[in-house]
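The values are calculated or read from the model by the stated rules, or taken from the named source; none is laboratory data. Just so it is clear, the structure is predicted and the values come from calculations on it, not from any experiment. In this analysis, Cβ positions are derived from the backbone assuming ideal geometry, glycine residues included, and neighbour counts consider all displayed protein chains. For accessibility, only protein heavy atoms count, side chains too; no ligands or nucleic acids. Shrake-Rupley method; radii C 1.70, N 1.55, O 1.52, S 1.80 Å.
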Amino acid sequence: MSKPVALTIAGSDPSGGAGVQADLKTFAAHGVYGVSAITALSAQNERRFEILPISPDFICAQIDTVFEDVRVDAIKIGLLANAQIVKTVIEALQRHNGDGRIMVVVDPVLRASNNGVALDESGMVLLRDGLFPLASLIKPNLAEAAALLGEPVATTPQNMSDQAARLLAFGCECVLLTGGHLPGPDCIDVLAHASGSATLYAKKQAVGEVHGTGCTLTSAITANLAKGHVASKAVDLARGYLRGLLGGRHQLNMNGAARSLDHMFITDNKTEYER
Ligand code: PXL
């Protein structure tokens with residue numbers, strides 16, 4: 001039997017903590033073969049964020065050549081740097097996933113972790129109205145959910161459930177609204193789908209700012225979907241993987257205050273996240 005295959009359509013992060021680099025390592029750590037189409041190059045650290053979008057035609061060529069040769073089981077979509085690129089990705093999904101066989105996970109990246117702008121207003125509107133209806137799952141954080149809805153940032157689990165339900169109305173199958181920035185002892189996420197919603201609790205770990213957690217969670221969900229898990233199980237396993245990564249010794253020491261994750265840790269200690 002051949003390995004499951006996951007495609008990431010996302011930006012490059014040279015530090016390896018986020019973006020395509022994080023996605024490919026996360027896929028590999030899950031035993032999933034990773035393929036990629038790069039939407040933008042970034043040059044970034046905690047103080048600077050510069051971005052060079054790839055031309056839509058060349059993004060299209062990357063995606064089309066992958067599909068000519070590879071049977072893709074799940075797709076993760078991350079940073080899309082402008083509205084034209086969002087349109088290119090929508091059209092590629094229409095060409096290659098017209099029958100909806102492939103699970104599609106969208107991380108609606110609006111800002112990079114050092115607050116650099118990743119997608120402008122018109123791009124965000126097209127992402128929401130054109131790409132969400134093609135998605136199996138979208139994973140906004142609190143700030144992204146608020147921006148997408150044009151509402152204040154949720155401050156309670158009830159606000160989060162209400163906003164997740166309103167995001168579902170844009171046409172995706174599931175919404176995972178991550179509430180890591182909500183104050184309190186627990187990390188609270190809401191998973192909403194057509195038949196209801198669940199509030200998921202995990203003990204917050206005192207790790208401070210860690211770079212690339214959103215990309216990593218989303219690519220772990222995608223890897224688990226590629227392996228055939230249903231969405232709720234894929235989310236559960238991915239949250240366990242991220243919890244394992246955030247357990248101190250799986251982080252790399254970088255020069256700055258924000259730390260990066262060691263995505264391959266489960267290949268060293270497989271049982272830890274499977275518990
Ligand atoms: O975490 C959002 C994100 C996505 N994609 C790229 C990034 C970042 C954050 O820095 O660099 C390429």
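Observations, loosely collected:
- Any hit, the range 89-111, residues being within 10 Å of the ligand (Cβ to nearest atom) and assigned to a strand (DSSP E or B): yes
- Residue-level analysis places LEU79 among those that are in contact with a strand residue (DSSP E or B) (Cβ under 6 Å, 6 or more places away or on another chain), within 9 Å of the ligand (Cβ to nearest atom), modelled with pLDDT of 95 or more and open to solvent by 20 Å² or more (accessible area, probe 1.4 Å).
- Those residues of the range 188-220 which are among the hydrophobic types (A, V, I, L, M, F, W, C) and closer than 26 Å to ASN45 by Cα, in sequence order: ALA206, VAL207, VAL210, CYS215, LEU217, ALA220
- For VAL72: the one exception among (1) within 16 Å of the ligand (Cβ to nearest atom); (2) open to solvent by less than 40 Å² (accessible area, probe 1.4 Å): (1)
- Counted residues, the range 93-116 - those being without any contact (Cβ under 8 Å) to a residue 40 or more places away in the chain and of a type in the set (A, V, I, L, M): 3
- Odd one out for HIS30 among (1) within 16 Å of the ligand (Cβ to nearest atom); (2) at pLDDT 95 or above: (1)
- Within the range 74-96, tally of residues that are of a type outside the set (A, V, I, L, M) and within 14 Å of ALA135 (Cα to Cα): 5
- If you filter the range 13-27 down to residues that are open to solvent by 20 Å² or more (accessible area, probe 1.4 Å) and within 13 Å of the ligand (Cβ to nearest atom), you find that the one that is modelled with the lowest pLDDT is SER15.
- Restricting the search to strands (runs of 3 or more DSSP E) fully inside the range 1-66 and requiring at least 2 residues that are hydroxyl-bearing (Ser, Thr, Tyr) and under 24 Å from LEU119 (Cα atoms) gives 5-12, 33-44.
- Scanning the range 7-27 for residues being more than 13 Å from the chain's Cα centre (by Cα) and under 13 Å from LYS227 (Cβ atoms) gives a total of 0.
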